[in-house]
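Report on the structure given below.
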Amino acid sequence: MRLAVFSLFIFLILKATGSVAQFNIKGIVFDLNSNQKISGVEVYNSNVNKIALTDKNGVFLFKDLAKDNYSITFFKSGYGVKEFKILVQSDTILRIRMEILSQELSEVLISEQKEEIFSIERLDPVEGTAIYAGKKSEVVKLNNFVGNTASNNPRQIYSQVVGLNIYEGNDAGLQLNVGGRGLDPNRTSNFNTRQNGYDISADVLGYPESYYTPTADALREIRIVRGAASLQYGTQFGGMINFKLKEPNLEKKLEFISRNTIGSFELLNTFNSISGKIGQFSYYSFVNYKQGSGFRPNSEFKSFNAFTSLNYDFSDKTSINFELTYLNYLAQQAGGLTDTQFEENIRFSNRERNWFAVDWQLYSIRLKHKLTYRTNISLNLFALNAERNALGFRGDPQRPERNPITEQDDPALPRDLIKGNFKNWGAELRSITRYRPFNKDAVFLIGAKYYQSENTSVQGPGSAGTEADFSFANSRFPSYPNQSDFRFPNFNLALFTEHILNLNSKFSITPGIRLEHIRTQSIGDYLNINYDIAGNEIFRELRTDNRRLERDIALFGLGLSYYESSSLEFYANISQNYRSVTFSDIRVVNPTFIISPDISDERGFTTDLGMRGTWSTYLSYDLGAFSMLYNDRIGTILIESGPNKGDRVRQNIGDAWIYGAELFTDWNMLKTFGSKADKFRLNPFVNLAITNSEYINSDENNVSGKKVEFIPLVNLKTGMRIKIQNISISTQFTYLSEQYTDAENTERAQKGDSREGIIGTIPEYYVADLSMVYALNKISIEAGVNNLLNNKYFTRRATGYPGPGIIPADGRAFYFTLGLKL
């Protein structure tokens, strides 16, 4: 494999001597009769599978196109469709005239024309004030998605994104748990998660967990950039996920959309949005309410989510945007299972006192300005004011040797309560300039980010009842051992730059650097109590634990791109990665493991090498290989000697090497064989990742040479999208091979072991889904079945909330959705 990768890299360099130029297609669209310029025309370039929208002056632009014959189609409600074939050999300017139809086309036909052929796209080399040249990127298009958006089903939404590993729970998609290429999926903490370009996690450095996930009904697309995103977006190994919400309808003063879903396990979901444009002001807003009882007993949930985006265009050059997001949800958590309990009854729950609540408020103000014809700048101010409360019985802290899963939940005992408050704000400034040194196109990006947070975490005894009472009961249980009170003030200042240098018309290099100043602190104390074998207290001490970690780091990266045409691009990159120790790494009292006082940051780098493209309207593909060196990886191991013998400790385990190959294809089958029936479509897809891993260095006795956690050798998602006139059908099959959950590759804890359910493998599993949509004018009817074969499987062994133990995936579930658009 190494020889093949090296040969492909040499081929990429040698081919860089080509001389075919890259050009632009620019045009203005007029009304044939009135000669007025038409805004809001959708201009579709089928060769590159891109859609441009004409501005208020009727202007559209496609950039960086190779010499080729292009098919350009123009759509506008109320106008006849125009299609042009054009040979591009230089920068081209078009003047298009569209004629008003004597009879309005139906909305069904218009949506048919606008439908995206492929569900996955790649980011352009330059978009807005960001550079993606030479990077592994994927864009999930949701405008014509067929699947269960009411429960944010990630198995379906991310079905065409390669190499993702997903935790599946029972909360109808309230939290997203996605990991990639061997990274822990827990709350997507190994990705930098953003909404419309700004951070949405609890604390980017100190606690990068995402308790808020935008509802899929409101999403236009999801952008994913792998590890090379570290230079522009921060230090996470996984890369960046950016949720792009829907934009205002610029053709109406008021558009109303309503989607209402009922489903198995008493699922009820209602989504309602309004949008429009009045003069220079435009807006988009939605509210979403969701509730259900869950697949298992003690799994009920309810949530309320609202969002508002207000936009004002001062001129063609300057615009401002304000966004407000609010989420509040309460979920009961059924707890984890041992392997024995899972095998006996997948729906079993012996916890009725575990609750989880989130209150999330996000704010953003974004200013965009076109400084010159070649220079754009953007300034994004953002803030978070949020809290999350975790309440539950996790075993008797006086008898930690017992299994916290099987131990009887005694209503007389207090529950463990952790209250987290997150207050942070930041600003990100970006400038991008296009220029032509030595008659070669170049793009220069420079930016800066300021980030500051003031977070708190308090742990102690909760009430002894069963209700969702998130108040401390210290006066009733003064001897409760799991008590701590910490403040985490964090500060981050980053400077970053990337530069696209075109060595010739086909081959470009993109060097980059990110300079980070990071200060993470913990200020507080915790209660330390020891017990004898009988559970009697023999020692008590209030310990202060104040830490200050201040460091300056530099991350370097280099991207390469050889663009033969829209049908073929070779890309390669290497970027350094870095992950700061989080405050949950530093201080949380957990009955299932202890934390090493010497835990430190993780470092490494990521490489990608591949080829991708779109062959006309027939085929979209991406074939690549990757490698990740992950130094000082944090994990949990069993202590074999010393005073803590038999305990599990979370610490830096060692250095890991993760590598693999990834393949994605989406085939427009009927079009390939010459079908001219646009109302019929058959698109099979294959998404396959083969990933291997090894701990290559460790001071621990039983780690070197072992497989890395959360990495199935085979990760396959395949299926078919079928369209028959107004009916769309999606079938999907998912298969993941066995994966380990600990660095020592424990197969399974024996029955009666206090670790049973917490450590062991996640066995191989497969699951099938079926969804369909019928669209008629302003109404759509959707239905589907998730886990069609009712397979019994799980994707997670939790060590804390919502477990600990095995968290079973949902069984067979039905849903039905009625949509209305006015």
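The values are calculated or read from the model by the stated rules, or taken from the named source; none is laboratory data. Predicted model only: the values in this text are computed from it and were never measured. With ideal geometry, Cβ positions are generated from the backbone for all residues, glycine too; neighbour counts draw on all protein chains shown. Ligands, DNA and RNA are excluded from the accessible area calculation, which covers all protein heavy atoms including side chains. Shrake-Rupley method; radii C 1.70, N 1.55, O 1.52, S 1.80 Å.
For the stretch 153-181, name all the residues that are farther than 14 Å from THR795 by Cα, out of contact with any Leu (no Cβ under 7 Å at 6 or more places or on another chain) and either acidic (Asp, Glu) or modelled with pLDDT under 90 (or both).
Those that are farther than 14 Å from THR795 by Cα, out of contact with any Leu (no Cβ under 7 Å at 6 or more places or on another chain) and either acidic (Asp, Glu) or modelled with pLDDT under 90 (or both): ASP171, GLY173, LEU174, GLN175, ARG181.
Does any residue in the stretch 441-454 that is without any contact (Cβ under 8 Å) to a residue 40 or more places away in the chain come within less than 6 Å, Cβ to Cβ, of a residue that is of a type in the set (Lys, Arg) and surrounded by fewer than 21 Cβ atoms within 10 Å (Cβ to Cβ) six or more places away or on a different chain, and which pairs are these?
Final answer for the pair search is GLU454/LYS423.
All but one of (1) crowded, with 24+ Cβ neighbours inside 10 Å; (2) assigned to a loop (DSSP other than H, G, I, E, B) hold for ALA228; state the number of the condition that does not hold.
ALA228 satisfies all of (1) crowded, with 24+ Cβ neighbours inside 10 Å; (2) assigned to a loop (DSSP other than H, G, I, E, B) except (2).
Yes or no: the stretch 175-191 includes at least one residue that is among the basic types (Lys, Arg) and farther than 27 Å from ARG259 by Cα.
yes
Can we say ILE759 is among the β-branched types (Val, Ile, Thr), modelled with pLDDT under 95 and open to solvent by 40 Å² or more (accessible area, probe 1.4 Å)?
So ILE759 fails the test.
Inspect the stretch 115-124 for any residue being open to solvent by 10 Å² or more (accessible area, probe 1.4 Å), charged (D, E, K, R), closer than 30 Å to ASN260 by Cα and at pLDDT 85 or above and give the result as yes or no.
There is at least one residue in the stretch 115-124 that is open to solvent by 10 Å² or more (accessible area, probe 1.4 Å), charged (D, E, K, R), closer than 30 Å to ASN260 by Cα and at pLDDT 85 or above.
Restricting to the stretch 762-781, name every residue that is farther than 17 Å from ILE262 by Cβ and either assigned to a strand (DSSP E or B) or open to solvent by less than 50 Å² (accessible area, probe 1.4 Å) (or both).
Scanning the stretch 762-781 gives ILE762, TYR765, TYR766, VAL767, ALA768, ASP769, LEU770, ALA775, LEU776.
Can you tell me which residue within the stretch 649-675, out of those that are in a strand (DSSP E or B) and of a type in the set (D, E, K, R), is farthest from ILE711 (Cα to Cα)?
Among them, the one singled out is ASP666.
Could you give me the residue pairs with C-beta distances under 6 Å whose first residue belongs to the stretch 777-800 and is over 13 Å from LEU818 (Cβ atoms), whose second residue is of a type in the set (Asp, Glu) and surrounded by fewer than 17 Cβ atoms within 10 Å (Cβ to Cβ) wherever it lies, and which are 6+ apart or on separate chains?
Final answer for the pair search is ASN777/GLU107.
Sort out which residues of the stretch 231-251 are within 17 Å of the chain's Cα centre (by Cα) and outside any loop (DSSP other than H, G, I, E, B), and write them in order of number.
GLN232, TYR233, GLY239, MET240, ILE241, ASN242, PHE243, LYS244, LEU245 - these are the residues of the stretch 231-251 that are within 17 Å of the chain's Cα centre (by Cα) and outside any loop (DSSP other than H, G, I, E, B).
Determine whether the stretch 458-465 contains at least one residue that is over 14 Å from LEU527 (Cα atoms), in contact (Cβ under 8 Å) with a residue 12 or more places away in the chain and open to solvent by 50 Å² or more (accessible area, probe 1.4 Å).
Among the residues of the stretch 458-465, not one is over 14 Å from LEU527 (Cα atoms), in contact (Cβ under 8 Å) with a residue 12 or more places away in the chain and open to solvent by 50 Å² or more (accessible area, probe 1.4 Å), which makes the answer no.
Only strands (runs of 3 or more DSSP E) wholly contained in the stretch 441-551 count here; list those with 2 or more residues that are under 30 Å from the mean Cα position of the chain (by Cα).
Per the criteria, 442-461, 484-502, 507-531.
Please go through the stretch 320-374 and give me each residue that is open to solvent by 60 Å² or more (accessible area, probe 1.4 Å), not polar (S, T, N, Q) and not in a strand (DSSP E or B), ordered by number.
If the condition is that a residue be open to solvent by 60 Å² or more (accessible area, probe 1.4 Å), not polar (S, T, N, Q) and not in a strand (DSSP E or B), then GLU343, GLU344, ARG347, PHE348, GLU352, LEU371, TYR373, ARG374 are the ones that fit.
Taking only the stretch 782-801 into account, find how many residues are closer than 27 Å to ILE262 by Cβ, open to solvent by 10 Å² or more (accessible area, probe 1.4 Å), touching a Lys or Arg at 6+ places or on another chain (Cβ under 9 Å) and not in a strand (DSSP E or B).
Adding up the residues that qualify gives 4.
What's the number of the only condition in (1) out of contact with any Lys or Arg (no Cβ under 7 Å at 6 or more places or on another chain); (2) under 30 Å from SER137 (Cα atoms); (3) surrounded by fewer than 18 Cβ atoms within 10 Å (Cβ to Cβ); (4) among the acidic types (Asp, Glu) that GLU516 fails to meet?
With (1) out of contact with any Lys or Arg (no Cβ under 7 Å at 6 or more places or on another chain); (2) under 30 Å from SER137 (Cα atoms); (3) surrounded by fewer than 18 Cβ atoms within 10 Å (Cβ to Cβ); (4) among the acidic types (Asp, Glu) applied to GLU516, the lone miss is (3).
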